[in-house]
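A short write-up of the structure that comes next.
The values are calculated or read from the model by the stated rules, or taken from the named source; none is laboratory data. Here the structure is a predicted model, which means the values were calculated and not measured. Here Cβ is always computed from backbone atoms with ideal geometry, including for glycine, and neighbour counts include all displayed protein chains. Ligands, DNA and RNA are excluded from the accessible area calculation, which covers all protein heavy atoms including side chains. Shrake-Rupley method; radii C 1.70, N 1.55, O 1.52, S 1.80 Å.
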Amino acid sequence: MAARRLIPTLNRVLVEKIVQPSKTTAGILLPEKSSKLNSGKVIAVGPGLRDKAGNNIPAVVKEGDTVLLPEYGGTQVKLGEKEYHLFRDEDMLGTLHD
């Protein structure tokens, strides 16, 4: 069966959560809270919303962005073996940069 691709509607954003390692490369176990930055990679972005005049308001984030996510919220979606989450564009707390 071919892999499915989900294209979000309106201002929704499909995110794959980034799971931080629970131990260092030297094998030291990290406390759960120290590695608990709730972030994810944007996989797909919907076309955006429309204002009252019918003009498109695009999402602020784009595919490939690393975003800071709220602790709760979003809709869990499973495609194949992978788990993703759908959030509204305005629910994103910010983008993360190196």
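Below is a table of values for the structure above.
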| quantity | calculated |
| --- | --- |
| Pair list, Cβ < 9 Å and 6+ apart or interchain, from segment 87-98 residues that are over 14 Å from Leu37 (Cα atoms) to residues that are assigned to a strand (DSSP E or B) and charged (D, E, K, R) | Phe87/Arg12; Arg88/Arg12; Asp89/Arg12 |
| Every pair of residues 6+ apart whose Cβ atoms lie under 7 Å, when the first sits in segment 45-58 and is touching a residue at least 24 places away in the same chain (Cβ under 8 Å) and closer than 11 Å to Val13 by Cβ while the second is of a type in the set (Asp, Glu) and open to solvent by 80 Å² or more (accessible area, probe 1.4 Å) | Val45/Glu63 |
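This table checks each residue for (1) at pLDDT 95 or above; (2) in contact with a His (Cβ under 7 Å, 6 or more places away or on another chain); (3) among the polar types (S, T, N, Q); (4) surrounded by 11 or more Cβ atoms within 10 Å (Cβ to Cβ).
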position: Asp51; (1), (2), (3), (4): no, no, no, no
position: Leu69; (1), (2), (3), (4): no, no, no, yes
position: Gly74; (1), (2), (3), (4): no, yes, no, yes
position: Glu81; (1), (2), (3), (4): no, no, no, no
position: Asp89; (1), (2), (3), (4): no, no, no, yes
position: Leu93; (1), (2), (3), (4): no, no, no, yes
